[in-house]
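The structure appears below as structure tokens.
The values are calculated or read from the model by the stated rules, or taken from the named source; none is laboratory data. Bear in mind that the values here come from a model prediction, so they are computed numbers and not experimental data. Cβ sites come from the backbone with ideal geometry, for glycine too, and all protein chains shown count toward neighbours. Calculation scope for accessible area: heavy atoms of the full protein, side chains included, ligands and nucleic acids excluded. Shrake-Rupley method; radii C 1.70, N 1.55, O 1.52, S 1.80 Å.
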Amino acid sequence: MVYETSYASGTKPFSPDPKRGKWEKPTDYIFACFGLALKLDIFEISYQYFFNIGFVGMLPYFLYMVIYLVPILVVHSYMGQFSSSGFITAFRLSPLFKGMGYVSLFLTFSTLIYYSRFAAVPLLFIINSFRPTLPWSCEGAKSWYIPSAETTTLCDPEIYKMHENYSLVILTPSYLYFNYIRHPDFNITEGFELSWPLVGLFTLAWTLIGIIFYKFSEPAKFGKCIRYMVIATVVLVLVCFVRFLFLPGTHLRLWRYITPRTKDFSEGLSSTYVMALQAFGAGWGSVIALSSFNGFKTNIMSYSWIISFGQIFIYIMFGLVSFMLEEYFREITRTIIFHNIINFGVLITGSGSALITLAWPNFWTIIFHTMMLLTALTVIATQLFTVLQSLFDEFEKLKEKKQEVTFGVICGLAFCSCFFCTVHGSFYFGVIGTDIIMAHSVLHLLLLLVVLWIYGQKRFQRDIEFMLGQPFAYWKVFILRYTAPIVFVILMVYGIKEIMYSHFYYREVFFALAIILVGLPFLAIPGYGFYYLKNSTGTFSERLKRACRPTDWYPSEMKHRQHYGDLIGHIEMTDHLFDGTEEVN
């Protein structure tokens, strides 16, 4: 069966790679998507979003699962699984919008640049946990802490209330120790002078990432590695949860978490959408790339539900651990200041001051921060894996130097992350995460436009029914085509409000940084569209039609490709969908 097609000048036909690889087990896709939920930056903003609203406040998450999370997961999975390609090449579905893949590429790089901080900080506490005396303990602090006029000892509870403008976490001894490592002069709160201890920790973090890709670069091996990392992380968070139940005051916090309150539900309704958006990881196209290693007949419908429920379990467990640590500090100080606690700090830098009170504090510090390190490494490795595979799919010549490209990218990201080894960079890095949440909403909306409107509702429905071998109900298509877009428009409006609120408290340099790392990449969408149209032939109308229609949109495996050709009537494979109608043969 021979298919003829024409391509815009400068483009080339898609060439399926039979050696691309698959997951060792179908469930590795689920574990990889579970790993996307281990985004510690979501905890950094947890105090103003959803982790103080209890279980009842989490219930709106299940509503968001139905109206947009599971449906959009299905769309992402469909694009990757049907095309067997990463988030750039998969947009041969509609070449005019291929720039969306490049936007995802830039956003993922932007995220990875600062995200290594979540691996570097736990490494600081793990390394120091091998000392006989922990540096942030009463005895250990004597070697670095200089008491202020207000306090005589670091262990004095009054230190937590030194300044009304600070939240508790900023003044915990373990945070003060991190602040000391960041810069010995506690009075310095900004500046771009490198902290060499942080540079060393960042280097170690990226070295661990390099080891992962050196040992587990192939899809089957990588999926197995991520599977065990996710399982280990969940086991450790359960162990920490059980142990923290014995901290003073934590049982009270647990009771409050499960006690129904109307206010909790109303707050959750307007905030847990952020949690649902995290299903796609730090990089927007990650699910597309991960699903491309599925078998063609993998049931992405049931998998999407499993992923959504698994991720909410992860969020709840991390939220409970954060709750219990927060309640411990509340118990020992009894102050209203806890309304402003930053739970990210409680989990990462503030936890050391609670762990020091346990029997065998060194052991529990290692266990806890190993859990936090695994979460960071899982997210970084998964995101980087999807980026590299997408690059290799789009640019075949890069495959010839796969190892050089892989470690070149890792070294480049490690170098750029040095910005966050500065006092200023490490303090204000979180603003980028808020901007990327907004960017994801925009990309989701555009994806629905491309798949359900430009490609076409009936064509999409036909493809997914062919791929899954089962009916795809019309009400599901209705949600995707009408309900989900409305939700994303609302989220965009809310996101704009949050961005304005966030940037109000940051310096101009971070507003410029957000524009460069998050805003400018969106120019890739019109930029690539213009490039494609410019290199096409014919009238503008003909060029536009050619840019919107699929090119090489068929399964990569020959047996499925032949059956797909039978389904569409043996007309040109790359040109069969653009006939001016939506009829299904």
TODO: Ignoring everything but the protein chains, give the 1.4 Å probe accessible area of residue 483 in square angstrom, nearest 10.
DONE: 40
- [ ] Rounded, prolate or oblate: pick one for the range 197-327, where a ≥ b ≥ c are the square roots of the eigenvalues of its C-alpha gyration tensor, a/c under 1.5 means rounded, and failing that, prolate if a/b is larger than b/c, else oblate.
- [x] oblate
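Per the Kirkwood definition applied to all pairs of different Cα atoms, how many angstroms is the hydrodynamic radius of the range 247-296? Intermediate values should be presented prior to the final figure.
Details: mean 1/r = 0.0696 Å⁻¹.
Answer for the range 247-296: a Kirkwood hydrodynamic radius of 14.4 Å.
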TODO: With a point put 7 Å past each Cα toward its Cβ, work out how far residue 470 is from residue 138 in nm, to one decimal.
DONE: 6.1
Task: Net +/- balance of residues flanking residue 92 in space, Cβ distance below 9 Å, scoring K and R +1, D and E -1 - done: 0
TODO: Find how much the distance from residue 305 to residue 359 grows on full extension, using 0.36 nm per residue of separation minus their present alpha carbon separation; answer in nm with one decimal.
DONE: 15.4 nm
Task: Inter-label distance, nm, simple model (7 Å from Cα along the C-beta direction), residue 512/residue 203 - done: 2.9
TODO: Over 28 Å between C-alpha atoms is what I'm after, so list which of 401/545; 402/534; 221/297 land there.
DONE: 401/545; 402/534
Task: Whole-Hz ³J(HN,Hα) from phi, Karplus 6.51 cos²θ - 1.76 cosθ + 1.60, for the range 231-243, glycine and proline x - done: 4, 4, 5, 5, 4, 5, 5, 5, 4, 5, 4, 5, 5
Open item on the list: Students often forget the sequence filter, so: which lysines lie under 26 Å Cα-Cα from residue 142 once same-chain residues fewer than 8 apart are removed?
Closed with: 161
